[in-house]
Amino acid sequence: MKIKKDSDVLLINVPLDRTIKYREKLSTLSSMPPLGQLYIATYLEQHGFKVSFIDLAVELFEMEEFVESLSISAPKIVGFATYVESWKIQNMLIKKIKEILPGVIIIGGGHCATFEYGKMLDIGFDYLIRGEGEEAFLNFCNWKIKKQKVAVEDISGLVYKKNNVVLKNKIKRINNLDVLPYPDRRFLNLKRYSYPFTISTARGCPGRCIFCSSHAFWGNKVIMRSAQDIYTEVVELNKQYSMTDFFIIDDTFTLKPQRTKEFCELIINYQQEKNMEFSWGCESRADIVKEELLLKMKAAGCRMIQFGMESGNDEILKTINKHITFQQVYNAVEIAYQCGIKTNVSVMIGHHADTCETIEETLMKAKSLQDKFEANILFAINTPYPGTELRKKLREYGAELIVSENSKLRVDRPSMRIKHVEVNKIRQYYDMAERMFKMRNL
């Protein structure tokens with residue numbers, strides 16, 4: 001948390017509605033800094049704006065303390081990161097902010113701002129930004145705070161009302177991520193996070209999985225930072241914070257193996273020079289894993305890779321546009337095991353075409369990965385979040401939404417009815433999976 005008196009901008013990260021009572025416990029289990037907002041905060045300060053930052057997902061604020069922070073920072077603009085599962089807390093905070101600072105401008109970015117902008121305007125947001133936020137937020141602040149002449153219609157992704165009509169600007173991508181400043185972690189109390197150091201090396205995903213909104217959010221293009229730029233950030237964090245552990249949050253860090261190898265070579269040389277070792281993890285598609293690449297990553301400190309399996313049945317994998325086979329997942333986990341790299345494997349049940357047989361097949365194949373290769377299995381129920389192809393085409397996929405409130409969408413409870421498996425049966429399978437894999441996940 002960083003509160004500055006008379007700020008230009010206050011950025012707020014919010015907890016999920018269902019976790020508000022358990023923030024202290026959860027922050028020690030599975031919390032990461034809000035990297036997207038950190039990029040925006042750093043970018044705004046680089047351009048002369050005074051920025052305060054509160055991460056309510058880990059800061060154990062009472063309402064009185066929050067009100068005091070509002071009064072001290074007295075921002076002209078308040079910016080929220082918006083999440084589907086934070087609907088109620090966002091609504092409540094907006095009302096309180098408007099009560100304390102009636103003249104403040106409230107703007108939202110992120111998932112809900114991109115896919116549920118109409119509803120977000122209805123609950124009290126003055127403006128929203130779809131897609132990336134750095135340049136859009138800077139132009140918005142230049143317009144509203146510095147009173148510069150800015151063509152409002154040219155602010156990337158801006159959503160606003162004019163004469164009671166909702167207008168949305170075209171989204172423009174940032175094509176060179178190397179020009180962005182590294183996120184300034186001094187905005188946060190890093191001790192509040194279980195994974196304090198996360199790094200983003202690319203934006204976008206080549207996949208078209210129907211259960212994921214990444215493609216809809218970022219568009220068709222995957223834009224990547226250079227290996228040198230990523231390496232420089234890692235070195236800076238090591239020098240500034242003595243950081244040795246980090247996690248790369250990209251959907252597919254290994255998408256371009258040559259870039260991954262180049263990064264690893266730089267890290268290996270630095271480790272040898274400083275006589276130290278890093279320990280880091282990342283995500284990867286199963287179909288691009290090669291032993292040569294994983295050995296290089298292991299030498300550079302990679303200790304964990306997460307693969308998306310999603311189903312153990314190849315026909316189900318086709319219906320969700322995963323474009324892999326179970327055998328490819330099996331091979332990738334086996335190679336990682338042989339290279340001495342631990343694996344997380346994410347699995348879903350309750351796909352629109354799932355049957356009892358395909359779910360049971362998935363459970364058994366996931367268990368085989370655990371038993372043979374000590375894979376850590378992460379289970380979830382397929383949930384039709386806004387922005388996903390699944391949500392847009394539920395009827396075409398023969399599914400029906402049974403949870404209408406966004407804040408009640410959860411990956412541990414069924415949110416849609418599918419053709420071949422009853423809702424209660426899906427719950428039973430999920431409970432079975434929890435029991436099967438509980439010991440490993442502990």
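Quick note: the coordinates plus some simple rules give every number you see, no bench work behind them. Here the structure is a predicted model, which is why all the values come from computation and not from measurement. Here the Cβ positions follow ideal geometry from the backbone for every residue, glycine too, while neighbour counts run over all protein chains shown.
Phi-derived couplings, Karplus 6.51 cos²θ - 1.76 cosθ + 1.60 at θ = phi - 60°, listed residue by residue for the stretch 33-44: x, x, 4, x, 5, 4, 4, 5, 4, 5, 5, 5 Hz, with x used for Gly and Pro. Between amide H atoms placed 1.01 Å from N, distances below 5 Å from Thr252 occur with no residue 5 or more places distant or on a separate chain. Checking the a/c ratio against 1.5 first, then a/b against b/c, what shape does the Cα gyration tensor give for the stretch 204-297? Cα axes put the stretch 204-297 in the prolate bin. In the stretch 9-168, with Lys and Arg counted as +1 and Asp and Glu as -1 at Cβ, which of these residues, Tyr83, Leu70, Phe140, has the Cα nearest the positive end of the dipole, that is, farthest along it? Positive-end residue among those listed: Phe140. Ordering Leu363, Asn13, Phe115 by the projection of their Cα atoms onto the charge dipole of the chain, which places +1 on the Cβ of Lys and Arg and -1 on the Cβ of Asp and Glu, puts Phe115 at the extreme positive end. Here the relative contact order of the chain, from alpha carbon pairs under 8 Å that lie six or more residues apart, stands at 13 percent.
With the Cα gyration tensor of the stretch 25-144 giving a ≥ b ≥ c as the square roots of its eigenvalues, does the rule (a/c under 1.5 for rounded; else a/b larger than b/c for prolate; else oblate) give rounded, prolate or oblate? Because its axes are fairly even, with a/c under 1.5, the stretch 25-144 counts as rounded.
Computed about the Cα centre, the dipole magnitude for the stretch 153-306 is approximately 640 debye when only Lys and Arg (+1) and Asp and Glu (-1) carry charge, each at its Cβ. Residues in the stretch 389-395 carry Karplus couplings, in order, of 4, 4, 5, 5, 10, 3, 5 Hz; the curve used is 6.51 cos²θ - 1.76 cosθ + 1.60 with θ = phi - 60°, and Gly or Pro positions show x.
Measuring from each cysteine beta-carbon in the chain, the ones with no other cysteine beta-carbon under 4.7 angstrom are Cys112, Cys141, Cys205, Cys264, Cys282, Cys302, Cys339, Cys356.
Need one number: % antiparallel among DSSP beta bridges in the chain, to the nearest 5.
20
Annotation: the antiparallel percentage among DSSP beta bridges lying fully within the stretch 90-167 is about 60. Largest GNM mean-square fluctuation across Gly131, Gly157, Gly118, computed for the chain with C-alpha springs under 10 Å, falls on Gly118.
Cα gyration tensor of the stretch 158-317, axes a ≥ b ≥ c as square roots of the eigenvalues: rounded (a/c below 1.5), prolate (a/b > b/c) or oblate? Oblate.
Taking the number of Cβ atoms within 10 Å of each Cβ as an exposure proxy, the fewest-first ranking of Cys339, Cys141 is Cys339, Cys141. Once Kirkwood radius over Cα pairs in Å is worked out from the coordinates, which option in [x] 24.3; [y] 23.7; [z] 23.1 does it equal? Structure-derived value, by its label: [z]. Amide H to amide H distances under 5 Å link Thr383 with no residue, where only residues 5 or more positions off or on other chains count and H is placed in the peptide plane. In a simple Cβ point-charge model (Lys, Arg +1; Asp, Glu -1; nothing else charged), the stretch 290-432 has a dipole of about 440 debye relative to its Cα centre. With neighbours defined as other Cβ atoms within 10 Å of a residue's Cβ, the residues Val329, Val150, Val347 order from fewest to most as Val150, Val347, Val329.
The charge dipole of the stretch 197-441, taken about its Cα centre with unit charges on the Cβ atoms of Lys, Arg (+1), Asp and Glu (-1) only, comes to about 440 debye. Distance from the Cα centroid of the stretch 330-409 to that of the stretch 186-263 is 23 Å (rounded to whole angstrom). Look at the dipole of the chain built from charges on Cβ: of Ile100, Met304, Trp218, the Cα furthest out on the positive end belongs to Ile100. Rounded to the nearest 500, the helix-only mean residue ellipticity at 222 nm of the chain stands at -11500 deg cm²/dmol, with each DSSP H run of n ≥ 4 adding -39,500 (n - 2.57).
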